[in-house]
Every structure is written in structure tokens, then in C-alpha cells.
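A.B. asks: The structure is given below, and queries will be raised subsequently.
The values are calculated or read from the model by the stated rules, or taken from the named source; none is laboratory data. Bear in mind that the values here come from a model prediction, so they are computed numbers and not experimental data. So basically every Cβ, Gly included, is an ideal-geometry build from the backbone, and we count neighbours across all protein chains shown.
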Protein chains: 2
Amino acid sequence: MSKVFVNIGLSLDGYMTPEAMTLENWDKPERWGAKWGALMGWLVRLQYFRENLGMGPGGETGPVNDMVKKTVERIGANIMGKQMFALGERMWPENAPFHTPVYVLTHEKREPWVRPGGTTFYFVNEGPERALELARKSAGNRDVRIAGGANVIQQYLNMGVVEELEIALAPVLFGGGRRLFENLSESAPQFRIDKAFDGPAATHLRYVRQ
Amino acid sequence: MSKVFVNIGLSLDGYMTPEAMTLENWDKPERWGAKWGALMGWLVRLQYFRENLGMGPGGETGPVNDMVKKTVERIGANIMGKQMFALGERMWPENAPFHTPVYVLTHEKREPWVRPGGTTFYFVNEGPERALELARKSAGNRDVRIAGGANVIQQYLNMGVVEELEIALAPVLFGGGRRLFENLSESAPQFRIDKAFDGPAATHLRYVRQ
């Protein structure tokens, strides 16, 4: 069966997005772009990421590039929250960067939104369990990634279904924003270290559910 | 001149101590001991730590043990907050585990408290700058460690004086407690990765001020 995993970038102080990176400020990157860049710069410089986003040739190769390629290729479906989707809807290129079905948790009723390149957004109104059921079905032999944002990951952690937690810990301090680890209940599983991989711009931590 | 550094254990969700580990509960380890053990177990099992605390022979040797020995030996003075001291006063053995002058930030007026084995606690009423001044003087060629708790480390981060940040990131989720990274101002310095070292029970992250 598909594994359920999280793979995200995290600031050293535990934030997934800087304070000012909101829907209202999406077109004011001067308020959040430097912090976002410090979090995600390593990713954007990779050859595979550039190729995958249609950003053209070039980019860094090596073990981090290989790791990201492997991660993207194992994903059969994504799940995300409505805030992440709303921000992405404005920021992603037309050829959205998922190339899989994406299940968006929302109260909004909306027809599936098909993008060129294999990404289709499905809007799920029946909650996280139903989204996971749909994602598992469409992922087939591949895995389900809980893409974010923070509160969606928290919901799935509290449901106990997250089997692998992959964090690219960047040395930047945001000082505020949306924290990954809060609102966790005692039912959240515990993890063990699988491996840590020391990149120059982020430390790649991989945990497996105990 | 002495370097100023932080060296602590941190839960994966960013806490230095579990919620229930307070002065009132110090004699009820059933409320916090399992989480504290998951955070610090790797340290207590080391040969050097056991020797240093008079816990007798035996214990793990190897690169993590060597690293801890090197860290302890570079410390010429410690600085801590009154809450950490108050808890430690009840929990440390008579031969307190610092073997250096320890400057305790407090409003309480109290004579220096000399312990066997080279630890003397000095109670500083004039704030963190003064404590650092005193600690630097007594550290000589060795370094000053900001021992904790979280709010004291935050004060020194915000003062911009912390040059090195060493974190043993344990895979445990506390779900609540005292967070290391909060209340940070924009004046807090940024760090770069110096190295990451993958131990079996904690990931040892070392950052240097940019």
C-alpha cells in the first residue's frame, strides 16, 4: 500500500512559511521573499527542480539533486490545504509543479481543475480521511505526500497516519510565521531517526514512524 | 576572547523541556521523565558524561562521546536562568556537574554557593550583559556557555552575542513545553550550518553566526 509521507522545508526556528507570506501579500515578495529564499534557495538551484518546473537547463547536480528526484518520483498523489492552494494558485506556473492528482481540503465546492503537465486539483469537502482515501486510490503503487500547509500536516500527524517525515532544515531564523509543530495531540506518533544528510544550505532529516 | 555558545538538547518539535517538567513537579518524574529521557538518554549513556557526573565506570565511547568531552572541556563559565537553577538545585548531585563558575540571572540576593568539584554559583542581579561580562572574565581563554533555560538563551540571541549554536535534535515530539525559538527579535543574528553529525539517538547540529 502507498506510504504517507511529509516532505517539507523548515526554518531552524520551526516555521514552514514566514509571517508575512500570506494571500494578501503574495504580490509583495519584498515582505517575505528573502526569508522564503533562505528556506528554499537550495531547492530552486537544483537541476532536477529546474527541469521539473520548466525553468530551463542547468542547475546543481549531486546527492541532494538525486534525493529530490527520487522523492518527486515516488509521489503518486498530493494532499494540501486550501490556504496553500490559494497561494499556489497565484504563484505556480500554468504547468503546475505536481504532475499528479492533488487533493485540496476545502469547504469550497469546485469542479476538478486540470492543468497542463499532469496536475489535476480535486476539491474535497468531506475532510482529511476522505482526501487520504482518494489519494491512496489514485496513487496506486506510489506514495501519498501530505504537501502542507502546517495545519494540514498537523491534522494528519494527529490522525497517526504519517509514516515518514522528511524535513529540510535550513539555518534561517524566521522569528514568526506558521509553525509546523504545534497543536499536536498525545495521539501523534513518535518517530525514530532514519538518516540525516548534511547539505551545505540545509540539513536533510528523515524520520520514520516508530 | 572567549566565544559565547549555546549547547542544548532539543525535541524535534522545538522544546527544551516538557510541559510538566517544572519546579512543582520536580519530584514527580512520572509526569515528565519519559520525555526527558527520550531527549537526553543518549547523553546519559556516554562514558564521559558518566565519569563527569560521578556515575561510575562504563558507558558508550566513540565520536559522540569525544564531541561531548571536547564541548565540556572548552567551557570556562556557564550562564543560566533562575528557573533552570532552581530545578537543578534539587536535581543535581552535591558535586554539581559544571566544574566552572556558573552565573545565575536572578533578582534574588544570595551569597556565592560553592559546591565540591569546582562549581560555584554566583547570583547576578544586574542583568544579562553584566552576567556575560563576569562570565567572560572568569572563563579566561576558555568559552562561555549559555546553559539555559529557553528564555535566557532567547535574551542572549536577541543581544546578538551568541556565536555558536549547538543543538542535539532528538526525534521525540513533546507536544508542549518551553520552546527554544520564540520571542526572537529581528536583531537576532542569522546562522550558517557548520556541520551536522548523525548519531543514532540524536542529530548533532552545529551552527555558526553569519
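A.B. asks: Return the residue satisfying two criteria in turn: it lies in the range A:177-210 and is of a type in the set (Val, Ile, Thr) and at the interface with another protein chain (Cβ under 8 Å from one of its Cβ atoms), and of such residues it is farthest from B:Pro18 (Cα to Cα). Spell out how you get there, then give the answer.
C.D. replies: Within the range A:177-210, the first condition is being of a type in the set (Val, Ile, Thr), and the residues that meet it are A:193, A:203, A:208.
Add one more test, that the residue is at the interface with another protein chain (Cβ under 8 Å from one of its Cβ atoms), and what stays is A:193, A:203.
Values: A:Ile193: 20, A:Thr203: 25 Å.
Step by step, filter the range A:177-210, then rank; the result is A:Thr203.
A.B. asks: Can I ask one more? Determine whether the range B:49-59 contains at least one residue that is buried (at least 20 other Cβ atoms within 10 Å of the Cβ), farther than 17 Å from B:Gly177 by Cα and either charged (D, E, K, R) or within 14 Å of another protein chain (Cβ to nearest Cβ) (or both).
C.D. replies: No.
A.B. asks: Now for a different question. Counting just the residues of the range A:159-210 that are of a type in the set (Phe, Trp, Tyr) and part of a loop (DSSP other than H, G, I, E, B), which one comes out surrounded by the most Cβ atoms within 10 Å (Cβ to Cβ)? Full working, then the answer.
C.D. replies: In the first step, residues of the range A:159-210 are kept if they are of a type in the set (Phe, Trp, Tyr); the result is A:174, A:181, A:191, A:197, A:207.
Narrowing further to those that are part of a loop (DSSP other than H, G, I, E, B): A:174, A:181.
Details: A:Phe174: 27, A:Phe181: 23.
The selected residue is A:Phe174.
A.B. asks: Then there is this: Restricting to the range A:15-41, count the residues that are touching a helix residue (DSSP H, G or I) at 6+ places or on another chain (Cβ under 7 Å) and not in a loop (DSSP other than H, G, I, E, B).
C.D. replies: Result for the range A:15-41: 5.
A.B. asks: Here's another thing I want to ask about it. Filtering the range A:87-126 down to residues that are buried (at least 17 other Cβ atoms within 10 Å of the Cβ) and among the aliphatic types (A, V, I, L, M), which residue is nearest to A:Glu51 (Cα to Cα)?
C.D. replies: Result: A:Ala96.
The rows are residues; the columns are (1) on the phi > 0 side of the Ramachandran plot; (2) in contact (Cβ under 8 Å) with a residue 40 or more places away in the chain.
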position	(1), (2)
B:Gly37	no, no
B:Tyr48	no, no
B:Met55	no, no
B:Gly59	yes, no
B:Gly62	yes, no
B:Asn65	no, no
B:Asn95	no, yes
B:Leu105	no, yes
B:Pro116	no, no
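A.B. asks: For the range B:163-176, name all the residues that are more than 7 Å from chain A (Cβ to nearest Cβ), of a type outside the set (A, V, I, L, M, F, W, C) and under 25 Å from B:Asn65 (Cβ atoms).
C.D. replies: Of everything in the range B:163-176, those that are more than 7 Å from chain A (Cβ to nearest Cβ), of a type outside the set (A, V, I, L, M, F, W, C) and under 25 Å from B:Asn65 (Cβ atoms) turn out to be B:Glu163, B:Glu164, B:Glu166.
A.B. asks: Right, another one. Say whether the condition of being modelled with pLDDT of 95 or more, under 15 Å from the mean Cα position of the chain (by Cα) and buried (at least 19 other Cβ atoms within 10 Å of the Cβ) is met by at least one residue in the range A:28-41.
C.D. replies: Scanning the range A:28-41, I find at least one residue that is modelled with pLDDT of 95 or more, under 15 Å from the mean Cα position of the chain (by Cα) and buried (at least 19 other Cβ atoms within 10 Å of the Cβ), so the answer is yes.
A.B. asks: If A:Lys70 satisfies every condition in (1) surrounded by fewer than 19 Cβ atoms within 10 Å (Cβ to Cβ); (2) at pLDDT 95 or above; (3) touching an Asp or Glu at 6+ places or on another chain (Cβ under 9 Å) but one, which is the exception?
C.D. replies: Here A:Lys70 meets the rest and fails (3).
A.B. asks: Could you grab the pairs with beta carbons closer than 8 Å, sequence gap of 6+ or different chains, first residue in the range B:181-201 and closer than 16 Å to A:Asp13 by Cα, second one surrounded by fewer than 14 Cβ atoms within 10 Å (Cβ to Cβ)?
C.D. replies: B:Ser187/B:Gly160; B:Ala188/B:Gly160; B:Pro189/B:Gly160; B:Pro189/B:Gln210; B:Gln190/B:Gln210; B:Phe191/B:Gln210; B:Arg192/B:Gln210; B:Ile193/A:Pro200
A.B. asks: So, one more: Looking at the range A:71-82, is at least one residue in contact with a helix residue (DSSP H, G or I) (Cβ under 8 Å, 6 or more places away or on another chain) and either within 14 Å of another protein chain (Cβ to nearest Cβ) or without any contact (Cβ under 8 Å) to a residue 12 or more places away in the chain (or both)?
C.D. replies: The answer is no, given that none of the residues of the range A:71-82 is in contact with a helix residue (DSSP H, G or I) (Cβ under 8 Å, 6 or more places away or on another chain) and either within 14 Å of another protein chain (Cβ to nearest Cβ) or without any contact (Cβ under 8 Å) to a residue 12 or more places away in the chain (or both).
A.B. asks: Let me ask something additional. Identify, please: which residue in the range A:2-20 is farther than 25 Å from A:Gln210 by Cβ and surrounded by fewer than 22 Cβ atoms within 10 Å (Cβ to Cβ) and is, among those, nearest to the other protein chains (Cβ to nearest Cβ)?
C.D. replies: Start the filter on the range A:2-20 by keeping residues that are farther than 25 Å from A:Gln210 by Cβ, which leaves A:11, A:13, A:15, A:17-20.
Among the residues that remain, those that are also surrounded by fewer than 22 Cβ atoms within 10 Å (Cβ to Cβ) are: A:13, A:19-20.
On the way: A:Asp13: 3, A:Glu19: 11, A:Ala20: 12 Å.
Selected residue: A:Asp13.
A.B. asks: On to the next question. Filtering the range A:142-196 down to residues that are touching a His at 6+ places or on another chain (Cβ under 8 Å) and of a type in the set (Gly, Ala, Ser), which residue is modelled with the lowest pLDDT?
C.D. replies: A:Ala196
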